[in-house]
Amino acid sequence: MHYSEETRATLLEKIQAAMSEKRFQHVLGVEKAALFLAETYGASKEKASVAALTHDYAKERSDEEFKQTIRDYGYDSDLLHWNNAIWHGLLGAELVKQELGITDESILQAIRLHTTGAAQMTLLDKIIYVADYIEPGRDIPGVEKARAIAREDLDEAVAYETKHTLAHLIDIEAPVYPKTIETYNRWVAKKEEI
Ligand code: GDP
Ligand code: FE
Ligand code: FE
């Protein structure tokens, strides 16, 4: 993969145009955290950068556009009954591919899984999942603990984040996407087979 400063600058322009300044700053923070984790755990920094910069690319699309994407790409119609939280990564990966021309499957998968995680996650998937949670601009309760764990053990950071996200969803009585439960079973309850 050829990734020059120029490639990154072009990508940055498109991403900045797709979102609010606040979200753009979040994305830059996720890139920073992802580069640190890639360095620490030995992943490709180029892939970590591209996946971090694009992970929330579609977050500001309307519900109608997501519903149209579900129909256009033939996703299961059950997905129509979810919401932006679930759509922006899963369907966002498709929009990143179509609109930004990013075809690297490992990057697209990290985008797809960044909100829910999954039972099976690659190093890059874990890096983006965790970087999104610990980026410097986040001030969610427990984020300092999450940052400390992420410096020591990436799998434990996946578990910590999953547990706290699920606890939060239950607290506010939000619907829990099945993949989030699969992530919990594998990484928090450490269930061997699902
Ligand atoms: P962001 O896009 O940078 O804000 O972060 P994420 O993509 O990780 O999360 C977006 C939102 O989805 C957050 O408010 C999470 O709490 C929420 N979320 C994560 N998992 C689930 C789930 O299984 N169900 C629902 N309803 N929301 C979820
Ligand atoms: Fe997101
Ligand atoms: Fe994010």
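Rule-based calculations on the coordinates, nothing more; no lab input. The shown structure was predicted, so the numbers you read here are calculated from the model rather than taken from an experiment. Neighbour counts run over all protein chains shown; Cβ positions are idealised from the backbone, glycine included.
Side notes on the structure shown:
- Value of relative contact order over the range 1-102, rounded to a whole percent, pairs C-alpha under 8 Å and six or more apart: 26 percent
- Mean sequence separation of contacting Cα pairs (under 8 Å, at least six apart), scaled by the length of the range 21-157, corresponds to a relative contact order of 29 percent.
- Cα convex hull, the range 81-194: 119 Å³ per residue, rounded to a whole number.
- The chain: DSSP helices with Cα axial extent of at least 20 Å and average Kyte-Doolittle hydropathy no lower than -0.5: 21-41, 154-171
- Placing a pseudo-label 7 Å from each Cα along the Cα-to-Cβ vector at Leu169 and Ala119 gives an inter-label distance of 1.6 nm.
- Qualifying lysines (Cα of each under 29 Å from Cα of Lys97; at least 8 residues distant if same chain): Lys14, Lys22, Lys32, Lys45, Lys47, Lys59, Lys67, Lys126, Lys179
- Residues Tyr129, Tyr73, Tyr177, sorted so that the one with the fewest Cβ neighbours within 10 Å comes first: Tyr73, Tyr177, Tyr129
- Think of each Lys and Arg Cβ as +1 and each Asp and Glu Cβ as -1; about the Cα centre, that makes the dipole of the range 93-133 roughly 100 debye.
- Segment Gln98-Ala189, length gained on full extension (0.36 nm per residue, minus Cα span): 29.1 nm
- Under the convention that each Lys and Arg Cβ holds +1 and each Asp and Glu Cβ holds -1, the size of the dipole of the chain around its Cα centre is about 200 debye.
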